Amino acid sequence: MTSPSILHYTQETGDFSRMLDSIPYARTIGLQCDQFGDDLIFRLPRKKENLGNPILPALHGGVIGGFMEVSAAIYLMMSQESLRMPRIVDFSLDYLRAGLDRESYAECHLTRQGNRVANVMVTAWQKSRQQPIATARAHFIMED
Amino acid sequence: MNDAIRFGRVGRFVGTLTHATELGIEVTDATENALTLRLPYSEKIIGNPESRVIHGGAITTLMDTACGSVVICALPEFELCPTLDLRVDYMRAAEPDEPVYAHAEVYRVTRNIIFTRCEAYQGSRSRTVANCVGTFMRIGPEATPKSYRDLITGESE
């Protein structure tokens, strides 16, 4: 996924462009990431190709899931002191509101970091952080 | 309702989902309470350019689409059913340059909820890539505009 040099560059500069560019799937959905101090906010700009149901219109539920999944993996990589690649084990997603045809945001929280397994919580929202469109929980195995 | 009608409805439904079409997801089979979708391998769903393995997000999209459309195979009338939740277990990385199939089934329908499960695999059914369960809410056919329902049911039927 991401080479040690790209990870190092991203950790040093807070510029995510190289890292996001190195993940074709992240490019496909148009994922962006911004760093505010130690916090990361992931962003999914409005994009026609990400829609599912055309009558609302609404984001494809799978895109919301994919967005949260890549966000969790990047967040976890950035939170490691050494280079460890996360490999996803399982993913549990609750859809709370329809994701409309507008920009979406996600933030992650490391619930537990064990020796080999990490548990990450993800919250996604659009209009207001207080009205999440989805919450998710993922387990990752960390590989050296 | 026979399998040809189910196949037609599911095919038209998946065809209206922009992102599913974008990834090239197609219906290969539809029967009572079950269906199979196919996700072709492509550069745009790669997670890791070195191993060229498909990103989990694309597998999630395949399984979400499979669980969401298998609902059509279990209901006499077309209803749009919003997803309540989805739980995916990743068994192994998908082999590059090969399509991934998703076989989904409805295993319980109640007045308010539809329970589905899905298996993503490559080659034979024994090479499981991921397993998933998905729960959907029934909001009734009336909640969907008639023009869209007619589009899915295909007025020519």
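Computed in the context of the full set of protein chains, the accessible area of chain A at 1.4 Å probe radius has 47% of its extent on carbon or sulfur.
What you get for region B:3-153, charging only the Cβ of Lys and Arg (+1) and of Asp and Glu (-1), is a dipole of about 320 debye around the Cα centre.
Within chain A, what's the longest stretch lacking trypsin sites (Lys or Arg not before Pro) that sit in DSSP loops with no more than 15 other Cβ atoms inside 10 Å? Show your work: numbers first, answer last.
On the way: sites that count: A:Arg46, A:Arg97, A:Arg102, A:Arg116, A:Lys127, A:Arg129.
With a cap of 15 other Cβ atoms within 10 Å, the longest stretch comes to A:47-96.
With an 8 Å cut-off on Cα pairs and a minimum separation of 6 or more residues, tell me the relative contact order of chain A in percent. Don't skip to the end; give the middle numbers.
On the way: 270 pairs, mean separation 30.1, N = 144.
Taking the mean separation of contacting Cα pairs over the length of chain A, I get 21 percent.
Give the cross-link partners of A:Lys127 among the lysines, using a straight C-alpha distance below 22 Å as the criterion and excluding same-chain residues fewer than 8 apart. Cα-Cα hits under 22 Å: A:Lys47, A:Lys48.
May I ask you to derive the relative contact order of chain B, considering only C-alpha pairs under 8 Å and at least 6 residues apart, and to give it as an integer percent?
Reported relative contact order: 24 percent.
By how many degrees, 0 to 90 and rounded to 10, does the Cα axis of helix A:61-79 deviate from the longest principal axis of chain A? That helix lies at roughly 20 degrees to the long axis.
Computed with a 1.4 Å probe over protein heavy atoms only, the accessible surface of chain A comes to 46 Å² per residue. Summed over both chains, the contact between A and B buries some 2500 Å² of accessible surface at a probe radius of 1.4 Å. Between 0 and 90 degrees, the angle of helix B:56-70 with respect to the longest Cα principal axis of chain B falls at about 20 degrees.
For the protein assembly as shown, with only Lys/Arg (+1) and Asp/Glu (-1) charged at the beta-carbon, what is the dipole magnitude about the Cα centre, in debye rounded to 20? Display every interim value, and only then the final one.
Working: 31 positive and 37 negative charges, 99 e Å.
It comes to approximately 480 debye.
The values are calculated or read from the model by the stated rules, or taken from the named source; none is laboratory data. The model shown is predicted, which means the values in this text are computed figures rather than measured ones. No Cβ is skipped: glycine too gets one built from the backbone with ideal geometry, and neighbour counts run over all protein chains shown. All accessible areas refer to the heavy atoms of the entire protein, side chains included, with ligands and DNA or RNA removed. Shrake-Rupley method; radii C 1.70, N 1.55, O 1.52, S 1.80 Å.
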